Amino acid sequence: MMTATDELLTVPEVMARLKLGRSTVYDLIRTRRLTSITVGRARRVPAVAVRDFIADAIGEAA
């Protein structure tokens, strides 16, 4: 059974959650600041990776 912590998000869903543009999200993935996986030809971002990214960004800002 998949839980909320196992949820995989599409790039547009990540864009909406972070309120960032497509190229910025792909830059975060490319620079490994945002973890992602590839399923077939589709790029997916674990929801926990988005939460970790936000926590890291808050920590850097403090």
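The values are calculated or read from the model by the stated rules, or taken from the named source; none is laboratory data. Small disclaimer: the values here were computed from a predicted structure and weren't measured. Cβ atoms come from the backbone with ideal geometry, glycine included; neighbour counts cover every protein chain shown.
Are any residues in the range 30-41 part of a strand (DSSP E or B) and farther than 14 Å from GLU7 by Cβ, and if so, which ones?
Residue satisfying the conditions is THR38 alone.
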Sort out which residues of the range 1-24 are within 12 Å of VAL50 (Cα to Cα), modelled with pLDDT of 95 or more and in a helix (DSSP H, G or I), and write them in order of number. VAL11, GLU13, VAL14, MET15, ALA16, ARG17, LEU18
Pairs under 9 Å by beta carbon, first residue over 13 Å from ASP6 (Cβ atoms) in the range 42-62, partner aromatic (Phe, Trp, Tyr) and surrounded by fewer than 18 Cβ atoms within 10 Å (Cβ to Cβ), six or more apart or different chains? ARG43/TYR26
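Look at the range 27-60 and say how many of its residues are among the hydroxyl-bearing types (Ser, Thr, Tyr) and over 9 Å from the mean Cα position of the chain (by Cα). Full working, then the answer.
Within the range 27-60, the first condition is being among the hydroxyl-bearing types (Ser, Thr, Tyr), and the residues that meet it are 31, 35-36, 38.
Those left that are additionally over 9 Å from the mean Cα position of the chain (by Cα): 31, 38.
Residues that pass the stated criteria total 2.
Just to check your reading of the model, which residue among ASP52, ASP27 is loosely packed, with under 14 Cβ neighbours inside 10 Å, assigned to a helix (DSSP H, G or I) and of a type in the set (D, E, K, R)? Full working, then the answer.
Values: ASP52 fails: loosely packed, with under 14 Cβ neighbours inside 10 Å.
Being loosely packed, with under 14 Cβ neighbours inside 10 Å, assigned to a helix (DSSP H, G or I) and of a type in the set (D, E, K, R) holds for just one of ASP52, ASP27, which is ASP27.
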Pairs, please: C-beta under 8 Å, at least 6 apart or cross-chain, first residue among the basic types (Lys, Arg) and in the range 9-28, second surrounded by 15 or more Cβ atoms within 10 Å (Cβ to Cβ)? ARG17/LEU9; ARG17/VAL50; ARG22/VAL11; ARG22/MET15
